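Please read the structure below before turning to the comments.
The values are calculated or read from the model by the stated rules, or taken from the named source; none is laboratory data. Here the structure is a predicted model, which means the values were calculated and not measured. Just so you know, the surface numbers come from the protein's heavy atoms only, side chains and all, with ligands and any DNA or RNA stripped out. Shrake-Rupley method; radii C 1.70, N 1.55, O 1.52, S 1.80 Å.
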Amino acid sequence: MGPTKAIVKGHALYEALGGRLIKNRFTNRQDLEAYVNHHYLVLPVVDKQGRPWLLDGKPIYCLHGAHYETIHDERVQLVRCPDCGGMGIRTDEFAVESDYIRCTACGHECDVRLEMMET
């Protein structure tokens, strides 16, 4: 069991699975995030424009740094796109010397290992 996975609807927080209201009447995003940070809650991952990552129409959550999970606690192998912050999916072509991803938002393709070595 990890933190409660929440979603934002309007100015309120709801449980992602049950839909139960957690808290409402947030005046801005900063207040909402401060509340989440002080309680055992986690919000869906968003890109640089604030759009949530969706896999099969369901939000993705980031736990423990770079471990991504679905709403149903299934681990998924995803990576953040270095360009837009969108959801990068590993390509099917597996090679030991590379780790290619393709961003679902902008279509950018890159080798994650090479990107890490350059920074």
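Can you tell me the Rg and Dmax of the chain, counting just the alpha carbons, in angstroms?
Considering the chain through its Cα atoms, Rg and Dmax are 15.8, 50 Å.
Determine the relative contact order of the chain: mean sequence separation of Cα pairs under 8 Å and six or more apart, normalised by residue count, in whole percent.
Working: 183 pairs, mean separation 16.4, N = 119.
It rounds to 14 percent for the chain.
Starting from the residue with the highest accessible area, list Glu33, Glu69 in decreasing order, probe 1.4 Å.
Listed by decreasing accessible area, they come as Glu33, Glu69.
Can you give the helix-only mean residue ellipticity at 222 nm for the chain, where every DSSP H stretch with n ≥ 4 adds -39500 (n - 2.57) and the sum goes over all residues, rounded to the nearest 500 deg cm²/dmol?
Values: 2 runs with 16 residues, N = 119.
Using -39500 (n - 2.57) per qualifying helix, the result is -3500 deg cm²/dmol.
Which one of Pro59, Pro44, Pro82 has the biggest mean-square fluctuation once the chain is modelled by GNM with Cα springs under 10 Å?
Pro82
Take the chain, connect every pair of alpha-carbon atoms lying under 10 Å apart with a spring to form a Gaussian network, then pick out the residue of Val46, Val36, Val79 with the largest mean-square fluctuation.
Most flexible of the set in this elastic network: Val36.
Using a probe radius of 1.4 Å on heavy atoms only, what accessible surface per residue do you get for the chain? Whole Å² is fine.
68
Extension gain Gln49-Gln77, at 0.36 nm per residue separation less the Cα-Cα distance, in nm?
Numbers: separation 28, 0.36 × 28 = 10.08 nm, distance 2.20 nm.
Gain on extension, Gln49 to Gln77, equals 7.9 nm.
First compute the accessible area of segment 41-95 with a 1.4 Å probe, then give the percent of it belonging to carbon and sulfur atoms. Each step should come with its number before you reach the end.
Numbers: 1670 of 3330 Å².
Here it works out to 50 percent.
Based on the Kirkwood radius over alpha-carbon pairs, what is the Stokes-Einstein translational diffusion coefficient of segment 1-45 at 20 °C with 1.002 mPa s viscosity, in µm²/s?
Details: Rh = 10.4 Å.
Calculated translational D: 205 µm²/s.
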